[in-house]
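The block underneath contains the structure these notes are about, expressed in structure tokens.
The values are calculated or read from the model by the stated rules, or taken from the named source; none is laboratory data. Nothing here was measured: the structure is a model prediction, and the numbers come from that model. No Cβ is skipped: glycine too gets one built from the backbone with ideal geometry, and neighbour counts run over all protein chains shown. Side chains are part of the model used for accessible areas, which takes the heavy atoms of the whole protein and leaves out ligands, DNA and RNA. Shrake-Rupley method; radii C 1.70, N 1.55, O 1.52, S 1.80 Å.
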Amino acid sequence: STACPGLGLFYTVLSAFLFSVASLFLKKIEDVHSVEVSAFRCVFQMAFVLPGLIYYKTGFLGPKGKRIFLFFRGFLGSSAMILLYYAFQVMPLADATVITFSSPVFTSLLAWIFLKERYSIWDLLFTLFAITGVVLIARPPFLFGSNVTGIEGSYTDHLKGTIAAITSTVSGASTFVILRKVGKSVHYFLSIWYYAVIGLIGCVIALFVMNEWRLPYCGKDRVLLILIGLLGLGGQIFLTKALQIEKAGPVAIMKTMDVVFAFILQILFLNHLPTWWTVGGALCVVASSTGTAIRKWRQSLKKAKQNEI
């Protein structure tokens, strides 16, 4: 629909806002392990997608040749979510959010390795930029000495959170590559369905192994759990809508609003002022993901022009 030009970008900002509020609530939950929160989120997604699968008659397993891809998409996507939720719980909100923004850089790297897509000197430059940003946020002691300021809790937690966030980002980038490989041949609902089902199974197994399963004690945590489920779902729906009506490049650029919202919410509601390191790291990462997006966008415009001729 060209009726409303900025609609896709508006949806992107809305989705960024919903995701940021969900991660803020995640920080506010006291007694629930991040894996349990992820399990709840998966249940919400299943409940939402189930009627869609029945309505579109897609079946529950998808086309035979694509099942292995769908399985990995589900496995990597849900691992990315669980790791990210863990990172949100143990490190500052803005720090974790910024690290996930190095995703486009990993996506182009993985697309180059697995899909033989082009990887130029620009891509390399953006990758180095993103890595610099992540290092500024992680502030590893072998570079910055041992007294690191402006982190929540212990440095060990900060480091664990950083590793979780980076692993989550690489997993997330891999799911993008898989989705590209599968292309339009698989209904979007099926890919969410796999993500939710495999995620739920993985979470339940993990909770049993860690012996962390418990119903939230207080009403507040229960309400927050439901809200995280709803906000996460809303964020996903709006992001998907945005990508359906708008080119991926502009959407990726607008998604950097995630970082802005994370900083604002962290300052307003968590009373945690970001350090200059984090701000510097954020600028590097955002510059890199925006640069990657603009390049991809310009390439696709050039391709479209060539196809017209």
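Tabulated results
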{"quantity": "Count of region 78-112 residues which are open to solvent by 40 Å² or more (accessible area, probe 1.4 Å) and under 15 Å from Leu270 (Cβ atoms)", "calculated": "1"}
{"quantity": "Residues located in region 204-237, provided they are open to solvent by 60 Å² or more (accessible area, probe 1.4 Å), assigned to a helix (DSSP H, G or I) and not β-branched (Val, Ile, Thr)", "calculated": "Phe208, Met210, Lys220, Arg222, Leu227, Leu230"}
{"quantity": "Boolean, Leu83 is under 18 Å from Gly199 (Cα atoms), assigned to a helix (DSSP H, G or I) and at pLDDT 90 or above", "calculated": "yes"}
{"quantity": "Residue list for region 47-59, filter: in a loop (DSSP other than H, G, I, E, B) and either under 14 Å from Leu233 (Cα atoms) or open to solvent by less than 60 Å² (accessible area, probe 1.4 Å) (or both)", "calculated": "Thr58, Gly59"}
{"quantity": "Candidates His158, His187 - the one that is open to solvent by 50 Å² or more (accessible area, probe 1.4 Å), more than 15 Å from the chain's Cα centre (by Cα) and either at pLDDT below 85 or farther than 18 Å from Leu61 by Cα (or both)", "calculated": "His187"}
{"quantity": "Complete set of residues in region 121-155 that are among the polar types (S, T, N, Q) and at pLDDT 85 or above", "calculated": "Thr127, Thr132"}
{"quantity": "Conditions (1) part of a helix (DSSP H, G or I); (2) open to solvent by 10 Å² or more (accessible area, probe 1.4 Å); (3) of a type outside the set (A, V, I, L, M, F, W, C): number failed by Pro5", "calculated": "(1)"}
{"quantity": "Which listed residue, of Lys247, Lys296, is touching a residue at least 40 places away in the same chain (Cβ under 8 Å), open to solvent by 60 Å² or more (accessible area, probe 1.4 Å) and in contact with a Phe, Trp or Tyr (Cβ under 9 Å, 6 or more places away or on another chain)", "calculated": "Lys247"}
{"quantity": "Test: residue in region 33-46 that is at pLDDT below 90, farther than 23 Å from Phe189 by Cα, touching a Lys or Arg at 6+ places or on another chain (Cβ under 9 Å) and not in a helix (DSSP H, G or I)", "calculated": "yes"}
{"quantity": "Residue within region 270-290 that is assigned to a helix (DSSP H, G or I), open to solvent by 20 Å² or more (accessible area, probe 1.4 Å), modelled with pLDDT of 80 or more and in contact with a Gly (Cβ under 6 Å, 6 or more places away or on another chain) present", "calculated": "yes"}
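For (1) open to solvent by 10 Å² or more (accessible area, probe 1.4 Å); (2) assigned to a helix (DSSP H, G or I); (3) among the β-branched types (Val, Ile, Thr); (4) in contact with a helix residue (DSSP H, G or I) (Cβ under 9 Å, 6 or more places away or on another chain), each residue gets a yes or a no:
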| site | (1), (2), (3), (4) |
| --- | --- |
| Tyr11 | yes, yes, no, yes |
| Val21 | yes, yes, yes, yes |
| Lys27 | yes, yes, no, yes |
| Leu61 | yes, no, no, yes |
| Ile68 | yes, yes, yes, no |
| Phe71 | yes, yes, no, yes |
| Leu76 | yes, yes, no, yes |
